[in-house]
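The values are calculated or read from the model by the stated rules, or taken from the named source; none is laboratory data. All values reported here derive from a predicted model rather than from experimental measurement. A quick note on method: Cβ atoms are made from the backbone with ideal geometry, for glycine too, and the neighbour counts reach across all protein chains shown.
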Amino acid sequence: MKKLFVCAAACIFLLALTACGAKTEQQPAETEVTTEAEVTQEPTAEEAALEEQAVPEPVIIPDAAVYRGTLTKMEETENGKVITLEQAAGSDYGAASRQFVITENTQQTYNPEELETGFYLEVFFNEGKTPEAIAVNIRFVAEAVNFNGTLQEITWDELHEGWGRLVMTDMNTGETIEFNFQQGETTFFVDLDTLKAGDKLNIYHRGMYTMSIPAQGSAVEVRTYAE
């Protein structure tokens, strides 16, 4: 009987050791999973190169005339590449469409081979029958930088003199959008002092909105909406 008791106790002891061993073997697996989850994947050489590429700064010619429009046609001529632009709805640059010549002297902030119809371009030029473009910047699409809406109110920044905000209603969506402006920096082609609720405005802006509600943008130029 004593022998049976000893054998039973030994079996129980061995079972306990086996159970502890199983737990001990599982611990490294848990540690390995945790370590793997904490590893951050390094970017590839191609991704790192793309991140380092700087976005070209647009060329601004202060004393030149400017026209902005969607590229609708391109034609190679002996004098250079003739491009046809159509201004965006609501904007007014003096003509519904205009042609310009891009020559070897034209400053271009993009790869000329990547120029495609549908791009919204900003052209600085001197007046002429078919003016030569001094500089051309790509602004991608008209909708990204042009806003048409109705003025709700003008609010002023109490801490910064000359800083204010145009609270607008989008003509297409009815959404409220606020555009920050700064006198001396934002160009007004309308009399700011005579603006009132209900006025229709065309705003050329920086193409970015905040994630706030309502969304906010930065006005570069403000014009009367062209019917």
(Q) Cβ-Cβ under 9 Å, sequence separation 6+ or interchain: first residue in the stretch 76-97 and at positive phi, partner β-branched (Val, Ile, Thr) and not in a strand (DSSP E or B). Which pairs? (A) GLY80/THR103; GLY80/THR106
Q.
Among (1) free of Cβ contacts under 8 Å to residues at least 40 places away in the same chain; (2) surrounded by 13 or more Cβ atoms within 10 Å (Cβ to Cβ); (3) within 30 Å of GLU86 (Cβ to Cβ), there is one condition TRP163 misses while meeting the rest; what is its number?
A. (3)
Q: Answer yes if at least one residue in the stretch 44-63 is at pLDDT 50 or above, of a type in the set (Ser, Thr, Tyr), touching a strand residue (DSSP E or B) at 6+ places or on another chain (Cβ under 7 Å) and not in a helix (DSSP H, G or I), and no otherwise.
A: no
Q: Select from the stretch 193-227 the residues that are hydrophobic (A, V, I, L, M, F, W, C), in a loop (DSSP other than H, G, I, E, B) and under 22 Å from ALA88 (Cα atoms) and list them in ascending order.
A: MET208
(Q) Please determine whether any residue of the stretch 119-136 is in contact with a Leu (Cβ under 6 Å, 6 or more places away or on another chain), surrounded by 13 or more Cβ atoms within 10 Å (Cβ to Cβ), at pLDDT 95 or above and closer than 17 Å to GLU221 by Cβ. (A) yes
Q) Only one residue in VAL141, VAL190, VAL222 is in contact with a Phe, Trp or Tyr (Cβ under 6 Å, 6 or more places away or on another chain) and more than 20 Å from LEU71 (Cβ to Cβ). Which one? A) VAL222
